[in-house]
Every structure is written in structure tokens, then in C-alpha cells.
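Some notes on the structure that comes next.
The values are calculated or read from the model by the stated rules, or taken from the named source; none is laboratory data. This structure is a prediction, so every number in the text was calculated from the model and none was measured. Methodologically, a virtual Cβ is constructed for each residue, glycine included, from the backbone with ideal geometry; neighbour enumeration extends over all protein chains shown.
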Amino acid sequence: MSVSSDSSRSDRLRYLSTWQTGAGIVLLGGLGLLMVQAGLFFPTGKPSRDILWILGITELAFYLWVRVFSQMKFSRQIVTLVLFVSVQACLYGIFRLDGFTGDGRLILAWRWTPTPEQLFDGERSLRRLHSGPNNDAVDLTQTTDWDYPAFRGAHRDGIAATVSFATDWDQTPPKQLWKQAIGRGWSSFAAVGEYCVTQEQRRADEVVVCYEVGTGREVWVHADRARFDEPTGGCGPRATPTIHDGRVYALGATGILNCLSGADGEVVWSVNILDDAGVDNRLFGMAGSPLVVESAVVVSPGGRGSSLAAYDLETGQPAWRGGDAEASYSSPQLARFAIGRRILAFNADGLFVHDSDTGQVTCSYPWVSNPAEKNNVCQPVPLPGTETQPDRIFISSGYDKGSAVFEISSVDGRDSIRKVWGERSLKAKFSSVILHAGYVYGLDGSILTCIDLETGRRQWKAGRYGYGQLIRVGDNLLIQSENGDVALVRASPESHQELVRFPALEGRTWNHPVVAGRHLLVRNDREAACYELPP
């Protein structure tokens, strides 16, 4: 019995010492990495963490095999380990990390290909070479019925005022008016009249840029020496400018709030809201777009006494502050309820309701998504009451948190809030939702989902669009997919009906699309384009 056991142990050791074992360790590790990258294998649920675990385990297992089990001479062990490290160094020399997808997978590029900054610098130099002097007189006070003057439109509900257009894009596709390189960042466009404004990172400068909608011509640029950068989303501003009465209000990722002349981009006033509030920046930067309410512009610095802060539109002087919650990545939302006007803030700690005149918190409900990062991103949706229905609010978060509807009421000047329902049927990670005819449409992770507003029950879930964004045009949803495609989907609770799709951009796209009249404006962190929708 002892001889047989010793023989079996010897056979196992002999097998472990073969080169097939070492090769198997490397192949299994490589297969695991490929499966994570393909979206087929998520052992911890977070691909970037999975990749680190697989790399670490593979490195350790191969080292142990070489040093303990391979039975190679010490000199050959050293050579084998040096070759193993050299192969990894070669791979590092061939590929560069260009960021992460919405679910955390790596975006790799050939190291010798130009970076987005290099592409932008080269293309911009050519545009300047072939363009004449800019003598445009920009007037952002000339508004139209089709304007999209702020984040997700005039009311932040993602509903575009548009003329009718053909949906048979296979026969009459949208006409590309222009496409060009752009500075980094996740800002969307604000469009008024013939012009649109966005924010970009250009090397060391955080900039606000005004373009001509029909041509893509750069009209004016305002620059601040500031740069925000983090591994997941990369560098650049996150918020979208607001155009109001001919001026542009823009909040950069580092906390710089600018009021700019719409005519030429000159500074009217400027303040750093983080310095003003005495708080540190969030992990992913300042992302809340400025909200204009009467004579003030409202932003979300976060922190004690500064969940919301309002500044006078004309002077930039502080108007009021309120709330103690840390900021998250949603934007302040004006709600015109039957009980009165309120400002909704979907902060790191939950849903907070503020008095629109003083900024003081009137009521709140705790709602923490991903406790390590506190990522509440989806725009809260106010549901003003009627004779038969009380005032309500809809919210949604990712990271397995879900959606909820709250009822808000006021008695003797005191607001109160209670949850009507909460379901995990729709988990909007960092996109916002669309309400239409009693139903909610949004991306549950990367899959389009429709739920009943009254109950939270799922109607259907179908169609993969990555971690993109969506708005509503008429009775259709216009979806900006994470891969750059734009799709048109019928807003129907009956079933998922994708009408058309076309490749509008290339690469990871998290920015919100904009439709102003028949102009479709899209951008990501490296290029922007304008398409004319077919009549």
C-alpha cells in the first residue's frame, strides 16, 4: 500500500514537472482573460477586477511551477522567468489601454496608433489652415421652437421638440453634414438657433466651445487651465452647458463654474464651486449640469451645507446653499409640483427635495447605490400631481439597486415623502430614462427595458445597446449605443421594435445625443458629428 502511494505521488510530481503543465497554466490564464474581454466570464461581476485576479493567479501559479515543480536547474528557471516577463513586456509594448467599457472591460489599441489628443491636434491644425478669419456675430438670444438649450433638453426630460422625419433610414439615411475630431470629455451639446455649445479637454485646458450646427465650424473657445483625469472614464469635463438669455453656464469637472457671453465666449463671471464650498472633488469629477431657476444658476458641489448651491445669474455671487449630502453624478432637477416648486437632487446618499427659493432640504429618502462609490446617475423624474393623482418622483440606479416611485405631499408647509413601490426590474447604471404614456423606458445595464410606471413591473427587456443614452423624438426612442451606433426604437409597451440603426460614431460613446429640429448632434470623447434627419 505504501509503495503504491509513493508511486502515485511520484507520478503526480513527474506530471507537474512537465512543460505541458507550465504551458497549461499560461493557456488557462490567457483563455480566462479572453473570456472576460468577450463578456462571457465575470467571476466577481466586475471585469477590471476579474482581469487583475486572473493575471495575479496566473503569474503566481507559473512562478510556483518554475521554482517548485519544474525540476529545472536554477539557471534554466531564471531564463524561463525572464522569457515569461519579456513576452508580457512585448505585449505591453504592442498594446495600450485606451480606457474601459461601461461594464469595466478593457479598451485596447495598438500603441503606435495616434491617441485621441494627437488625432485632434492634427485635424484641428488642418481646419485652421483651410479656414478664414472668424468674424461671426453669434447671438444665442435668437431662439427657435426646436432648441435643446440644456442637458437633456429644456426640461431635462430627454424629450426633443422636432419636426417630423422619415424613419426608413435604409432607403433615406440621415445625411452627414460634418464629422470631426473633438477634445476629450463626456459633455453633451446644448443647441440654440444655429449654434451649439459643449465642453472638451484640450491637453492642459478645460474648454467650452461654440460650434456652428450646420457646418461644425468652431466659432469661439473659452479655456481654463485645468485637467481632470481618472482611469475609468479618462480625462475631460462631464457636465453639459446650459444656454440661457444669450449666456452660457458651464461647470467643468474640476469645479469651475463659468458664466460666458454667448457672443464671443468672454467671461462674465467665474467661481470654483468646490473651493467655495470647501469640499473635495468626487471620484469621477463634477458631473451635474447647471440648472437655471429664475435669477440663479443651481449646481451640486456636495458636502456639509452645500448639497446644492445657487449663484446669481448676473454677478456670480452666492444666492443660497442647502443640504449636507455628498454630491453624486446626477444633475439638479426642477419640479413644478401641485404642492409648489421644488428642486430634486439625486445625491450620493439618496433623493433630496429642496425648496427652490432657499435651497433648504424639505424631505429626503435614503438610496445608496454601490456603497463603495455611491453612484447615483440617472436623472430623477418629477411626476406632477393631478386632481386624482398626488405628486410623485421616479428614480433608478444600477449596481443591482433598481427603480422606485415616491409620493411627496405637504401639510402645513412641511413636506413628507413615502415610497409607493420599489422594483429591480430596471437598473439604470449611468444613463437616464424616458417616460411616455404611463411607461418608463431605460437601459437595464446594457439592455433596453420597458416597465409600468404604476407598478414597476417589467413589460419587456430586449435589444443590446451597451451603456449608451436615450432621448424621445415623437413616439420613438432615439438611442445612442455605447459602440457609436444610433438606433430608432418604437416607444411601445407591447414589445421591443427597433426600426432602424446606423453607425454615427466610432468608439466608446457615453454622451447624450441631441435632436434640434432635424439636426442630430452626437459626440463621444474623440469625435463629434451632425446628421440631418430625412424629411
Checklist entry - For the stretch 479-535, which residues satisfy the criterion of being within 19 Å of ARG184 (Cα to Cα) and β-branched (Val, Ile, Thr)? => result THR509, VAL514, VAL522
Checklist outcome for this item: When every residue in the stretch 223-280 that is of a type in the set (Asp, Glu) and in contact (Cβ under 8 Å) with a residue 60 or more places away in the chain is compared, the one surrounded by the most Cβ atoms within 10 Å (Cβ to Cβ) is ASP264
Checklist entry - Is there any pair linking a residue in the stretch 340-367 that is without any contact (Cβ under 8 Å) to a residue 60 or more places away in the chain and farther than 14 Å from GLY302 by Cβ to one that is part of a loop (DSSP other than H, G, I, E, B) and among the basic types (Lys, Arg), with Cβ under 9 Å and at least six apart or on different chains, and which? => result TRP367/LYS401
Checklist entry - Pick from the stretch 356-406 the residues that are of a type in the set (D, E, K, R) and either buried (at least 22 other Cβ atoms within 10 Å of the Cβ) or farther than 20 Å from ILE343 by Cα (or both): which of them is modelled with the lowest pLDDT? => result GLU387
Checklist entry - Using beta carbons and a limit of 6 Å, which pairs, at least six apart or on different chains, have the first residue in the stretch 407-430 and more than 21 Å from PHE337 (Cβ to Cβ) and touching a residue at least 60 places away in the same chain (Cβ under 8 Å) and the second one of a type in the set (A, V, I, L, M) and not in a strand (DSSP E or B)? => result PHE430/VAL377
Checklist entry - Within the stretch 321-354, which residues are assigned to a loop (DSSP other than H, G, I, E, B) and closer than 14 Å to ASP276 by Cβ? => result ALA327
Next on the checklist: Going residue by residue through the stretch 271-280, is there one that turns out to be touching a His at 6+ places or on another chain (Cβ under 8 Å) and small (Gly, Ala, Ser)?
Outcome noted: no
Checklist entry - Considering the stretch 15-35 alone, what residues qualify as being modelled with pLDDT under 90, β-branched (Val, Ile, Thr) and part of a helix (DSSP H, G or I)? => result THR21
Item to check | the stretch 74-101 - residue that is touching a strand residue (DSSP E or B) at 6+ places or on another chain (Cβ under 9 Å) and of a type outside the set (Lys, Arg) and, of those, nearest to GLY468 (Cα to Cα) | outcome: THR101
Checklist entry - Can you name the residue in the stretch 463-483 that is on the phi > 0 side of the Ramachandran plot and surrounded by fewer than 20 Cβ atoms within 10 Å (Cβ to Cβ) and, of all such residues, is modelled with the lowest pLDDT? => result GLY474
Checklist outcome for this item: For the stretch 459-510 the number of residues that are part of a loop (DSSP other than H, G, I, E, B) and closer than 28 Å to GLY104 by Cβ is 16
Next on the checklist: Six or more apart or on different chains, Cβ atoms under 7 Å: show the pairs whose first residue is in the stretch 182-206 and closer than 18 Å to ALA223 by Cβ and without any contact (Cβ under 8 Å) to a residue 24 or more places away in the chain and whose second is in a loop (DSSP other than H, G, I, E, B) and of a type outside the set (Gly, Ala, Ser).
Outcome noted: ALA204/ARG227
Checklist entry - Which members of the stretch 418-452 meet the condition of being surrounded by fewer than 20 Cβ atoms within 10 Å (Cβ to Cβ), aliphatic (A, V, I, L, M) and more than 18 Å from the chain's Cα centre (by Cα)? => result VAL420, LEU435, ALA437
Checklist entry - Of ALA166, ALA191, ALA161, ALA154, which residue is under 24 Å from PRO290 (Cβ atoms), over 21 Å from the mean Cα position of the chain (by Cα) and among the small types (Gly, Ala, Ser)? => result ALA161
